[in-house]
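Written below as C-alpha cells is the structure these notes are about.
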C-alpha cells in the first residue's frame, strides 16, 4: 500500500499495526498544527503579524482530519463495519467538547480515547470481507496470531 493511499484514501482495509502508525502520524500532524497555532496566537498577543502562520494552520488541521477519516474508515472496514460509523463517533466526541464544561469535555475525551483503543485493539475480520481482502492475508479457519 502506497503512502498516499495509506494516508488519504478511505477505501480498503487496514490492520491494527498500520492503524497505530496512522494514529501516530496523525498525532504528529496535530502537534505541528497546535505548535503553529500557539505561535500565531502568542505573536498576535505581542502585536506581531502572524497572518502567514495562520494561513498554514487551517490546512494542517484539515489535513489531519482527512487522515483521521481515511485511517479510521479503513480500520472500520477491516472490522467489517461501515466507515459511516466514524460520523456518530466524531460527532459524539466533538459535541461533548463544550467550553467551560469540564465533565462533558472529559466524557468526550473518553469517547475518543476508547474508540481509538477499540479500533487499535480489536482484531479485524479473518479472510476477505465486503471491503476487500484480509490485509494480513489470513484465510477463514486459520488460527489468530
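Each reported figure results from applying straightforward, stated rules to the coordinates on display, with no laboratory input. These figures come from a predicted structure and were not determined experimentally. Counting neighbours? That spans all protein chains shown, and the Cβs are built from the backbone with ideal geometry, glycine included.
Please go through the range 1-47 and pick out each residue that is surrounded by 11 or more Cβ atoms within 10 Å (Cβ to Cβ) and not in a helix (DSSP H, G or I).
If the condition is that a residue be surrounded by 11 or more Cβ atoms within 10 Å (Cβ to Cβ) and not in a helix (DSSP H, G or I), then 1, 9, 10, 11, 12, 13, 14, 15 are the ones that fit.
Can we say residue 71 is assigned to a helix (DSSP H, G or I), closer than 14 Å to residue 15 by Cβ and in contact (Cβ under 8 Å) with a residue 12 or more places away in the chain?
Judged against the criteria, residue 71 is a match.
Here's the yes/no breakdown for (1) part of a helix (DSSP H, G or I); (2) out of contact with any helix residue (DSSP H, G or I) (no Cβ under 6 Å at 6 or more places or on another chain):
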| residue | (1), (2) |
| --- | --- |
| 98 | no, no |
| 103 | yes, yes |
| 110 | yes, yes |
| 113 | yes, yes |
| 117 | yes, yes |
| 125 | no, yes |
| 135 | no, yes |
| 138 | no, yes |
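Just the residues that are without any contact (Cβ under 8 Å) to a residue 40 or more places away in the chain and surrounded by fewer than 15 Cβ atoms within 10 Å (Cβ to Cβ), please, taken from the range 74-84.
Across the range 74-84, the qualifying residues are 82, 84.
Residue 119: surrounded by 16 or more Cβ atoms within 10 Å (Cβ to Cβ) and farther than 20 Å from residue 27 by Cα, yes or no?
No; evaluated as a whole, the condition is false for this residue.
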